[in-house]
Amino acid sequence: MPQSVIILGGGIIGLSCAFEAALRGYEVSVVETGAFGGQASGAAAGMLAPYSENTDQPDAFFRLCLDSLRLYESWNGKVEELSGMKTDWVRCGSLNVYRHEADLLPLQSRIRWHNEWGARAELVKGEALRKLEPGLSHDIAAALYCPEESHIYAPSLVAALEIACRRLGGQLYGHAGHLLDLAFSQSSGVTVRMSLLPEINADRIVICSGAWSGALERWLGIAIPVHPIRGQICSYESMPDDLRHMVFSSQAYWVNKPIGRMVCGASEDVAGFDSSVTDRGIQRLIRASERWLPQLAGRDTAHRWAGLRPATMDGMPLIGSVDGKPGAIMAAGHYRNGILLSPATAMLVCDLLDGQAPADQLAAFSPGRFTA
Ligand SMILES: Cc1cc2nc3c(=O)[nH]c(=O)nc-3n(C[C@H](O)[C@H](O)[C@H](O)COP(=O)(O)OP(=O)(O)OC[C@H]3O[C@@H](n4cnc5c(N)ncnc54)[C@H](O)[C@@H]3O)c2cc1C
């Protein structure tokens, strides 16, 4: 008989785990407080950029990010095929841009370890840089060019995952209200009681509740120091040639989407669970846009929005089994890289469900590591 699993939270992480579990033959139910993808996942810029996001050293987190990037093409192909939807995955490469020669020194060691990990990463300057990306401000001294990095349209990806999960037979419960109770028993598995849903039961549960995961402490019996970091973000109307690569600067990043929008993000604010947009937050992005991409000067933003990233104390996600709670697995705290990390997280979670998870790879992400 197939085993059943409840996924608590219907963002990119929950839906990805549900998708992979359904593909592997599990009976899957996804329980979501609000709308699927209605929180951080629907707000994300969708950059798949392990090299640009990990600038210091190749640690366990970087390796997970890289594994995930390398899974993306085939993973996204499956999602598109099973949903019948396009997700606008684009491998355009990225440019990390610098104004001052002094900034270039640390880049040499970064290029060295990027190359050691099999990535083409190179320093581009002067005329070669202008040719590669004509819209950049002319006082930019150089850029680190990473051709492997890509991006995806996150709202389409979550919508496609939702459809694919349903087509694979998953039971998806949106607008289920808040969690009232979570009970574990050796004989009858896990029971979830939500305020707007009849009680449901399964053999296992995967907690994917993003920035709200800390609220599960009382049921899981471990410390879950996940907190929300608000990201404010905006977009401009754009033409395909406005920007050919993703561009990362010290003040903002830009990515040109096939739907005709140039996305510019994002602030990192401590604002509790307030996901409103402030004029101050967006004005900083507008000023950065004018400074690094002069073509955007004077253009109005087309959209402004915000989301709450799930941050942890050490910057690493919580992925693994919960000690003392049979059948409970966590997958939360993906902070700035949840879209990138979704395929690799889904694989690890489903390897855990299958009883085959690589313990050495999971050690750094143990959900119990904050519990004294
Ligand atoms: C502005 C911005 C830009 C970003 N850009 C990128 C990017 O370019 N690349 C990248 O990789 N990442 C990016 N991120 C980060 C990425 O969005 C997050 O890491 C990712 O969305 C986290 O996914 P999640 O499923 O854990 O969380 P969420 O998407 O927040 O989903 C968690 C879900 O759980 C639900 N929930 C909470 N509690 C319960 C409960 N008790 N029961 C049931 N449901 C519950 C919530 O309603 C929510 O829908 C960005 C984030 C922001 C805000």
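Of note:
- Take the Cα of A183, go 7 Å toward its beta carbon, and the backbone nitrogen atoms of segment 197-237 under 19 Å from that spot belong to 197-206, 216-221.
- Most mobile listed residue (G333, G315, G307) in the chain, GNM with C-alpha springs under 10 Å: G315
- Kirkwood hydrodynamic radius over Cα pairs of segment 105-221, then Stokes diffusion coefficient at 25 °C and 0.890 mPa s, in µm²/s: 125 µm²/s
- Considered as an equivalent ellipsoid built on the Cα gyration tensor, the chain has semi-axes of 37, 21, 19 Å, the largest given first.
- Proximal aspartates and glutamates to K125, defined as alpha-carbon separation beneath 14 angstrom and excluding residues fewer than eight positions away on the same chain: E101, D103, E133, D139
- Sorted largest first, the spans of the alpha carbon positions of segment 227-311 along the three principal axes are 38, 23, 22 Å.
- Overall Cα dimensions of segment 8-55 - principal axes, largest extent first, Å: 39, 26, 12
- Local electrostatic count at G174 - Lys and Arg +1, Asp and Glu -1, tallied over other residues with Cβ under 10 Å: -2
- Residues of type aspartates and glutamates that K325 reaches as a straight line, Cα spacing below 15 Å, ignoring anything fewer than 8 places off in the same chain: D181, D203, E217
- For segment 94-147, the normalised intensity computed at q = 0.26, 0.28, 0.29 Å⁻¹ comes to -1.01, -1.12, -1.17 (log10 of I(q)/I(0), Debye sum over alpha carbons, equal scatterers, no solvent).
- Counting charges near G189 (Lys, Arg +1; Asp, Glu -1) among other residues having Cβ under 9 Å from its Cβ returns a value of 0.
- Carbon and sulfur %, accessible surface of segment 1-68 computed with the full protein complex present, 1.4 Å: 45 percent
- As a length-normalised measure over Cα pairs under 8 Å and 6 or more apart, the relative contact order of segment 94-147 settles at 57 percent.
- Stretch gain in nm, segment R291-R193, where the contour uses 0.36 nm per residue and the Cα spacing is subtracted: 30.2 nm
- Accessible area of segment 74-156 belonging to carbon and sulfur atoms, whole % at 1.4 Å probe: 54 percent
- Per residue accessible area in Å² of the chain, where ligands, DNA and RNA are left out and the probe is 1.4 Å: 42 Å²
- Largest GNM mean-square fluctuation among A311, A119, A211, using the chain with Cα springs under 10 Å: A119.
- Of P294, P225, P317, the one that fluctuates the most in a GNM where the chain has Cα springs shorter than 10 Å: P294
- In segment 265-368, one over the average inverse separation of all distinct C-alpha pairs is 16.5 Å, which is the Kirkwood hydrodynamic radius.
- The residues neighbouring F248, those whose beta-carbon lies less than 11 Å from its own, together hold a net charge of -2 under the Lys/Arg +1, Asp/Glu -1 convention.
- Spin-label proximity, D351 to segment 320-334 - amide N less than 13 Å from point 7 Å beyond Cα toward beta carbon: 320-321
- Surface composition of segment 227-311: carbon and sulfur atoms hold 48% of the protein heavy-atom accessible area at a 1.4 Å probe.
The values are calculated or read from the model by the stated rules, or taken from the named source; none is laboratory data. This structure is a prediction, so every number in the text was calculated from the model and none was measured. Neighbour counts are summed over all protein chains in view; Cβ atoms, including those assigned to glycine, are modelled from backbone coordinates with ideal geometry. Just so you know, the surface numbers come from the protein's heavy atoms only, side chains and all, with ligands and any DNA or RNA stripped out. Shrake-Rupley method; radii C 1.70, N 1.55, O 1.52, S 1.80 Å.
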